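I have a structure here, written as structure tokens, and I will follow up with some questions on it.
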């Protein structure tokens, strides 16, 4: 990012005091650098969530992604999160591989602390995720399936189904017990179809590092996740069954290159899963890990695809949540621009795209279906980040906890505020 400065770090006009050998003091006025002037307007904005018109959008929740450990530490991330957002999603700590050990034991200590800390701060948690093909403890899961044979007790396939279904039940029950009914909305199933709408299985997309629940449970695995989630949530003391909201979450629903085919297919799958008359899926989550394009023609295609996606989602009648919104930027040739190279003009263009997305969400999604928007990355990613490394994906600059630097507002922050306010 060129000439990025620390907001409000300097006064209006600095005076440099120069001492001489005698008592004479000379004052030299120094004009404020333009790099400071360019970003000073950001100081005038209030916390993000204060801009939401709660009367016009009564069910809308502004969310963010956090590390549960970072939030539990009650430092800067805790304060920024509580000040700016209604709801938060743990990036990794509520996933299967973060909890289930190689011997099958489940360690929910971080999750339990996260819920306790959030509840004390009156912060809502959006659960992520009850079922996914990635970040699974494949060592343990595969060990459950070892040495199975056909016999009088059943075929290998029948035994596999029973074992994996029982493990899904055990896992979801453990998570619901750990969260005590406090977490009322979940990505029940995450990223279950490919861009062409085909269900993810080993046959459709081989991946030795993944564990496809559909390999053993078939397309019914989504129904099973929903069944166990509702069953175990209702078992929690004081829980009201109707409070639980279960979402199917996926990415590339707004992809311009496939003309949002994936969105159409996901809606079809949800109708199919619900056709049994028992399964109820409350909402659809669109991740929206997007990038602004400096090519005007390509950017128009991306914006048109966002509109098409939102119209399709609105027509589903489901609750709609943008679950993991963050943004990079591509040059005119389609190459990603690194954080340090983004100009002020480009930052403002990214802000305009944020404003477009949020404004279209409010315009197209009926009020009764507006569950919320989650800004996934609070801060920019550094070069070593495991997610969108070296990309300007945050509303604040990269945070260096050890050095105490960063977490400065970016132009996208102002655009976010204005979009939430309906400006």
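Every read-out reported here was derived from the displayed coordinates using simple, explicitly stated rules and does not represent laboratory data. Nothing here was measured: the structure is a model prediction, and the numbers come from that model. Cβ atoms come from the backbone with ideal geometry, glycine included; neighbour counts cover every protein chain shown.
How far is helix 221-234 tilted off the main Cα axis of the chain, in degrees rounded to 10, range 0 to 90?
Value to nearest ten degrees: 80.
Still on this structure: In percent, how large is the relative contact order of the chain, given Cα pairs closer than 8 Å and 6 or more residues apart? Mind dumping the intermediate values first?
On the way: 741 pairs, mean separation 69.3, N = 423.
Rounded, it is 16 percent for the chain.
Given labels modelled 7 Å from the Cα in the Cβ direction, how far is it in nm from residue 400 to residue 237?
Each label point is offset 7 Å from its Cα along the Cβ direction, giving 4.8 nm.
Here is a further query. Using a/c under 1.5 as the rounded threshold, could you call region 149-285 rounded, prolate or oblate? The axes a ≥ b ≥ c are square roots of the C-alpha gyration tensor eigenvalues, and prolate needs a/b larger than b/c, oblate otherwise. Can you show the working numbers first?
Numbers: a/c = 1.93, a/b = 1.05, b/c = 1.83.
Note, shape of region 149-285 comes out oblate.
Roughly what angle does helix 109-120 make with the longest principal axis of the chain, taking Cα atoms, 0 to 90 degrees, to the nearest 10?
60
Which angle from 0 to 90°, rounded to the nearest 10, does the C-alpha axis of helix 344-364 make with the longest principal axis of the chain?
Compared with the principal axis, the helix lies near 40 degrees.
Same structure again: Relative contact order (percent) for region 86-186, with alpha-carbon contacts under 8 angstrom and 6 or more residues of separation? Don't jump to the answer; show the numbers that get you there.
On the way: 96 pairs, mean separation 38.0, N = 101.
Relative contact order, region 86-186: 38 percent.
To continue, here is another question. From the P(r) of region 267-412, could you give the percentage of C-alpha pairs in the tail past 20 Å?
Value for region 267-412 (Cα pairs over 20 Å): 53 percent.
I'm checking a number: the convex hull volume of the Cα atoms of the chain, normalised per residue, in Å³. What is it?
176
Divide by every residue of the chain the summed helix terms, -39500 (n - 2.57) for each DSSP H run of at least 4, and state the resulting mean residue ellipticity at 222 nm, rounded to the nearest 500 deg cm²/dmol.
Calculated mean residue ellipticity at 222 nm is -10500 deg cm²/dmol.
Also, quick follow-up: Work out the FRET efficiency for residue 177 and residue 389 from their Cβ-Cβ distance, taking R0 = 51 Å, and round it to the nearest 0.05.
E(calc), rounded to 0.05, equals 0.90.
Top mean-square fluctuation among 47, 33, 411, Gaussian network model of the chain, C-alpha springs under 10 Å?
Of the options given, 33 has the highest mean-square fluctuation.
Would you mind ranking 66, 156, 80 so that the residue whose beta carbon has the fewest other beta carbons within 10 Å leads the list?
In increasing order of surrounding Cβ atoms, one gets 156, 80, 66.
For 221, 356, what's the fewest-to-most ordering of other Cβ within 10 Å of each Cβ? Could you put the intermediate results ahead of the total?
Details: 221 24, 356 18.
Arranged by neighbour count, lowest to highest, 221, 356 become 356, 221.
Please build a GNM for the chain, connecting alpha carbons under 10 Å apart, and tell me which residue among 49, 159, 32 fluctuates the most.
Judging by the Gaussian network model, the answer is 32.
What translational diffusion coefficient, to the nearest whole µm²/s, does region 49-182 have by Stokes-Einstein, given a Kirkwood radius computed over alpha-carbon pairs, a temperature of 25 °C and 0.890 mPa s viscosity?
Values: Rh = 16.9 Å.
Calculated translational D: 145 µm²/s.
In nm, to one decimal, how far is the residue 76 label point from the residue 146 one, both placed 7 Å along Cα→Cβ?
4.6
Taking a quarter of the surface of the convex hull around the Cα atoms of region 34-115, what do you get in nm²?
It is 8.1 nm².
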